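The values are calculated or read from the model by the stated rules, or taken from the named source; none is laboratory data. In this text, all values refer to a predicted model and were calculated from it rather than measured experimentally. When we count neighbours, we look across all protein chains shown, and the Cβ atoms used for this are built from the backbone with ideal geometry, even at glycine. The accessibility values were calculated without ligands, DNA or RNA, using every heavy atom of the protein model including side chains. Shrake-Rupley method; radii C 1.70, N 1.55, O 1.52, S 1.80 Å.
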Amino acid sequence: MGKITFYEDRDFQGRCYNCISDCPNLRVYFSRCNSIRVDSGCWMLYERPNYQGHQYFLRRGKYPDYQHWMGLSDSVQSCRIIPHTSSHKLRLYERDDYRGLMSELTDDCACVPELFRLHEIYSLHVLEGCWVLYEMPNYQGRQYLLRPGDYRRYHDWGGADAKVGSLRRVIDSY
């Protein structure tokens with residue numbers, strides 16, 4: 001179980017909304033979001049309703065303005081709690097539909113191109129746990145939540161291209 005509190009203004013000011021589960025449309029509770037407090041759990045925020053648009057991964061902590069969660073604006077319109085798992089495993093493929101060179105990962109990877117000699121990943125199979133994929137090394141750039149399942153093409157995880165810079169397991173503490 002998780003708990004996240006959204007505030008309309010910076011530094012935890014203004015109208016607020018407490019959330020304890022997935023919410024596909026936060027606009028009914030607030031019009032903008034400039035600060036967040038995560039009391040428990042790991043969460044993925046989305047800039048648009050129904051889990052669409054830019055994604056932002058947050059774990060327990062205080063985020064006094066949207067730049068602290070790497071946000072591009074004060075738009076947070078849906079959120080999803082990420083379930084806790086104890087084991088993590090995924091397979092990366094250099095081509096779509098699980099073709100080409102395959103590499104397996106069970107731990108965080110700060111630089112996919114350096115470790116696997118691949119600058120682009122066209123398909124993924126998440127076997128265990130949830131992961132956050134970052135388009136740039138060192139956990140920077142656009143973020144995408146990967147849940148257990150098949151991602152036959154980069155479009156399946158919401159990517160605009162096959163660029164993968166780093167991958168991080170979703171765990172409650174780092």
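Each residue of region 134-143 was assigned a 3J(HN,Hα) from its phi angle through the Karplus curve 6.51 cos²θ - 1.76 cosθ + 1.60 (θ = phi - 60°); the sequence is 10, 6, 10, x, 6, 6, 10, x, 4, 10 Hz, with glycine and proline shown as x.
Between Ser31 and Glu104, the contour length at 0.36 nm per residue exceeds the alpha carbon distance by 22.1 nm.
Annotation: peptides 111-118, 35-42, 14-21, ranked by per-residue average of other Cβ atoms within 10 Å with the highest first, follow the order 35-42, 111-118, 14-21. Estimated at 0.36 nm per residue, the fully extended path between Cys111 and Tyr17 surpasses their Cα-Cα distance by 30.2 nm.
Per residue, how much accessible area does region 10-160 have with a 1.4 Å probe, in Å²?
I get 51 Å² per residue for region 10-160.
3J(HN,Hα) along region 149-161, derived from phi through the Karplus expression 6.51 cos²θ - 1.76 cosθ + 1.60 where θ = phi - 60°, amounts to x, 9, 10, 6, 9, 4, 4, 5, 9, x, x, 7, 8 Hz, with x in place of Gly and Pro. Multiplying the residue separation of Asp172 and Ser87 by 0.36 nm and removing their Cα-Cα distance gives an extension gain of 29.3 nm. Split the accessible area of region 11-88 by element, probe 1.4 Å, and carbon with sulfur accounts for 45%. For Met136, put the label point 7 Å out on the Cα→Cβ axis and report which residues of region 16-59 keep their amide N under 16 Å from it. 55-57, by backbone N distance to the label point.
The label-point distance for His68 and Arg10, in a model that sets each label 7 Å from Cα toward Cβ, rounds to 1.2 nm. By the rule of a C-alpha distance below 21 Å, with chain neighbours fewer than 8 residues away ignored, the lysines paired with Lys89 are Lys163.
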